[in-house]
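The values are calculated or read from the model by the stated rules, or taken from the named source; none is laboratory data. Because the structure is predicted, anything quoted here is derived from the model rather than measured. Here the Cβ is made from the backbone with ideal geometry for all residues, glycine too, and neighbour counts use every protein chain on show.
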Amino acid sequence: MQEIIQKLRKAKQSHKRWVSYASALIEGIPIEKDQVPINYTDCEFGSWYYGDGQALSGLREFKEIEDPHSQLHTLYMQIFALLFNEKKHSLFSKLVGKASKVDEQNKLEAKRKFK
């Protein structure tokens, strides 16, 4: 049981990091390659949830986590698309901050979605 609790805490920390990445994106802070949005089943929390975490799948609270987690990734992808939808630059140049400034309207929309 102690191991499950430790893994759950680690997964929770990972979730909080993703929220901070979304906030950083909105503020125009360049992100690292490992901070690019990924599928909700592939992130650290998702790997735990759909892996070892299934030991808790009988709990109502466990089941209630899935939708908010999936929605977080959907929202993060929407924010990412709003801020980096320019076709002129490669994904790598956008990630390391070499793309042109983000369109202000898209930035405002990203902030609205994040709230």
Checklist entry - Hey, among the residues in segment 5-30 that are hydrophobic (A, V, I, L, M, F, W, C) and within 12 Å of the chain's Cα centre (by Cα), which one's surrounded by the most Cβ atoms within 10 Å (Cβ to Cβ)? => result 25
Checklist entry - What helices (runs of 4 or more DSSP H) lie completely within segment 24-115 and have 1 or more residues being modelled with pLDDT of 75 or more and among the acidic types (Asp, Glu)? => result 44-49, 60-83, 104-114
